[in-house]
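So the structure is just underneath, and the comments pick up after that.
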Amino acid sequence: MRRLIPVVLAMLLVAGCSAAGTQESERFGGTGPFTLVIGRPATAYLQPLLDRWNQAHPEERATLLELPEAADEQRAQMVANLQAKSDRYDVIGLDVIWTAEFADAGWILPLERSMFPLDRFLPPVVDTAIYRDKLWAVPYTSNAGLLYYRKDLLAKEGFKPPKTWDELRTQARTLHTRYDIGGYAGQFLAYEGLTVNFTEAVQSAGGQILNQDGTTVTMDVAKAKAGLDFLVDGFREGWIPQESLSFKEDEAQLAFEEGRLAFARNWPHAYGPATASAVAGKFGVTRLPGLDGPGTGSLGGYNLAVSAFSKRQKSATEFIRYFTGLENQRRVLADGSFPPVWAELYDDPALIKRFPYLPVLKQSILSARPRPTSANYNQVSLVIASAVSNALTPPFEEVGDDVVASMKGQLDEIIRAR
Ligand code: GLC
């Protein structure tokens, strides 16, 4: 009984704080130096932003822990660390697809919504941080795939940026033949990036793989096959280069920057570096194409969460508030060319002047479909990536219908086993 009293007191305190509506962060004890762990694509421009925080908060310095580029490797390292209940991570840069898994496992703490200006953020982006009606992280950057194209080559051939797969196929094939250049590529190595590329192809044919909470396989075999065929045909016909079977985001970006690709699917953060590459001034970006018109991308991005094992939770929470604030978000775009989460930045004339694709990006984010909010999303993704990778690899022996049917069977099993 005596042991219960402090618990009850603590609960009353928490309730008191929430009722006051202001001091929920008090629940998060511990201040001092802390770490921010996040994957590499997001780290390139980060240090100067952290330096600003560090100058203003010498007692609560933030140290960047950089994880590898591939989403799967980031997740594996984070999971290993959190399963061991390590306090090495304080602020966790969570891919939008991990919210449910990390929340279910008790690795991250629910946050008080009123502490963050969520109503100023793009609504679908906020949804990626909510699971079972609680806020588990704060949106930091959003993401939506774009089609990068060689404006100069399209102009020479009198082509307009493609809106459909047929147009993309024809243009990619023509440019591949006439200019000795790869036609099209995306992220085709077997990992989360391939799952995204395939999911986008299925969605852009009007299909869906799972329902939103990941409890039902909703895959229409014909639509999934149409998405798969678009990619398989590219490899088979040679306008998607073989080497892209080993592409993640970085490799696709480099190939485009070096002038080895006419079209590339990549995230917006490839834009800034391309403006300082061999194709500067020669490229444009547009929405991903689809079967009958513009396609439907997958919503990407990173949210910032507080580790349940952190001993600096108060500092971590304050930092998240700062880092997701308007001023910092402007830098996320201006310095990192990452899509911010604040809606108003997409309509800012000075930013649009510098990043002319902002309206296209906003549209792409708002029309992108989130990946399923499921605690076992990772298993789902592994099944998809491995089946698609087999189908894209020569000698293309797998028949599209069989690939899709077998994928559907495996996904059903995962979901039944939940
Ligand atoms: C980007 C996206 C992320 C996605 C990953 C796939 O980092 O922001 O959401 O899972 O790419 O490679």
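The values are calculated or read from the model by the stated rules, or taken from the named source; none is laboratory data. Because the structure is predicted, anything quoted here is derived from the model rather than measured. Positions of Cβ are generated from backbone atoms using ideal geometry, with glycine treated the same way; all protein chains shown enter the neighbour counts.
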inquiry  = Taking the conditions exactly as written (closer than 21 Å to Pro359 by Cα, within 16 Å of the ligand (Cβ to nearest atom), modelled with pLDDT under 95 and not in a loop (DSSP other than H, G, I, E, B)), does Gly272 satisfy them or not?
reply    = yes
ask   = How many residues are outside any loop (DSSP other than H, G, I, E, B) and surrounded by 24 or more Cβ atoms within 10 Å (Cβ to Cβ) if we restrict to the stretch 306-319?
value = 5
Candidate set from the stretch 204-224 (those that are in a helix (DSSP H, G or I) and surrounded by fewer than 22 Cβ atoms within 10 Å (Cβ to Cβ)); member that is nearest to the ligand (Cβ to nearest atom) = Lys223
ask   = Considering only residues of the stretch 244-278 that are out of contact with any Ser or Thr (no Cβ under 9 Å at 6 or more places or on another chain) and among the charged types (D, E, K, R), which is farthest from Ala42 (Cα to Cα)?
value = Arg260
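Can you tell me which of Leu67, Leu111, Leu122, Leu118 is under 16 Å from Ile38 (Cβ atoms) and either touching a Leu at 6+ places or on another chain (Cβ under 9 Å) or free of Cβ contacts under 8 Å to residues at least 60 places away in the same chain (or both)? Spell out how you get there, then give the answer.
Details: Leu111 fails: under 16 Å from Ile38 (Cβ atoms); Leu122 fails: under 16 Å from Ile38 (Cβ atoms); Leu118 fails: under 16 Å from Ile38 (Cβ atoms).
Of Leu67, Leu111, Leu122, Leu118, the one residue that is under 16 Å from Ile38 (Cβ atoms) and either touching a Leu at 6+ places or on another chain (Cβ under 9 Å) or free of Cβ contacts under 8 Å to residues at least 60 places away in the same chain (or both) is Leu67.
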message = Criterion first (more than 23 Å from Met78 (Cα to Cα), outside the structural domain of His57 (by TED's automatic domain parsing) and small (Gly, Ala, Ser)) does Gly290 satisfy it?
response = yes
ask   = When you go through (1) in contact with a Gly (Cβ under 9 Å, 6 or more places away or on another chain); (2) under 18 Å from Ser142 (Cβ atoms) one by one for Leu358, which number turns out not to apply?
value = (1)
task = Select from the stretch 176-196 the residues that are assigned to a loop (DSSP other than H, G, I, E, B), of a type outside the set (Phe, Trp, Tyr) and closer than 11 Å to Leu245 by Cα and write down the one among them that is farthest from the ligand (Cβ to nearest atom).
result = Ala190
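Evaluate the following for Tyr346: is it of a type in the set (Phe, Trp, Tyr) and touching a Phe, Trp or Tyr at 6+ places or on another chain (Cβ under 8 Å)?
no
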message = Based on this model, can you work out whether Glu73 counts as in a strand (DSSP E or B), of a type in the set (D, E, K, R) and at pLDDT 95 or above?
response = no
key: Matching residues, the stretch 286-334, being aliphatic (A, V, I, L, M) and within 16 Å of the ligand (Cβ to nearest atom)   = Leu288, Leu299, Leu304, Ala305, Val332, Leu333
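Would you please name the residue that is farthest from the ligand (Cβ to nearest atom), looking only at residues in the stretch 35-51 that are part of a helix (DSSP H, G or I) and in contact (Cβ under 8 Å) with a residue 24 or more places away in the chain? Full working, then the answer.
Quick first cut of the stretch 35-51, residues part of a helix (DSSP H, G or I) only: 40-42, 46-51.
From the residues that got through so far, the ones that are in contact (Cβ under 8 Å) with a residue 24 or more places away in the chain too are 40-42, 46, 48-49.
On the way: Arg40: 10, Pro41: 6, Ala42: 8, Leu46: 14, Pro48: 21, Leu49: 18 Å.
The selected residue is Pro48.
Regarding Ala201, is this residue within 24 Å of Asp127 (Cβ to Cβ), within 16 Å of the ligand (Cβ to nearest atom) and either in a helix (DSSP H, G or I) or at pLDDT below 95 (or both)?
On the way: within 24 Å of Asp127 (Cβ to Cβ): yes; within 16 Å of the ligand (Cβ to nearest atom): yes; either in a helix (DSSP H, G or I) or at pLDDT below 95 (or both): yes.
Yes.
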task = For the stretch 297-322, name all the residues that are aromatic (Phe, Trp, Tyr) and farther than 29 Å from Arg369 by Cβ.
result = Phe309, Phe319, Tyr322
ask   = Got a sec? Which of Val383, Val403 is free of Cβ contacts under 8 Å to residues at least 40 places away in the same chain, outside any loop (DSSP other than H, G, I, E, B) and within 25 Å of Leu228 (Cα to Cα)?
value = Val383
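So in the stretch 16-34, with the set limited to residues that are on the phi < 0 side of the Ramachandran plot and not in a helix (DSSP H, G or I), which one is modelled with the lowest pLDDT? Talk me through it step by step, then tell me what you get.
Restricting attention to the stretch 16-34, the residues satisfying the condition of being on the phi < 0 side of the Ramachandran plot are 16-20, 22-29, 31, 33-34.
Remaining after also requiring not in a helix (DSSP H, G or I): 22, 28-29, 31, 33-34.
Working: Thr22: 37, Phe28: 78, Gly29: 85, Thr31: 97, Pro33: 98, Phe34: 98.
Applying the filter and picking the extreme gives Thr22.
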task = Give the residue, chosen from Arg88, Arg113, Arg61, Arg120, that is more than 26 Å from Thr31 (Cβ to Cβ) and among the basic types (Lys, Arg).
result = Arg120
message = Could you tell me how many of the residues in the stretch 123-164 are assigned to a loop (DSSP other than H, G, I, E, B), among the hydrophobic types (A, V, I, L, M, F, W, C) and in the same structural domain as Glu318 (by TED's automatic domain parsing)?
response = 3
request  = Quickly run through the stretch 78-97 and pick out the residues that are more than 16 Å from the ligand (Cβ to nearest atom) and not aliphatic (A, V, I, L, M).
outcome  = Asn81, Gln83, Lys85, Ser86, Asp87, Arg88, Tyr89, Asp90
message = Can you confirm whether Ala252 is away from the ligand (no atom under 16 Å from the Cβ) and modelled with pLDDT of 95 or more?
response = no
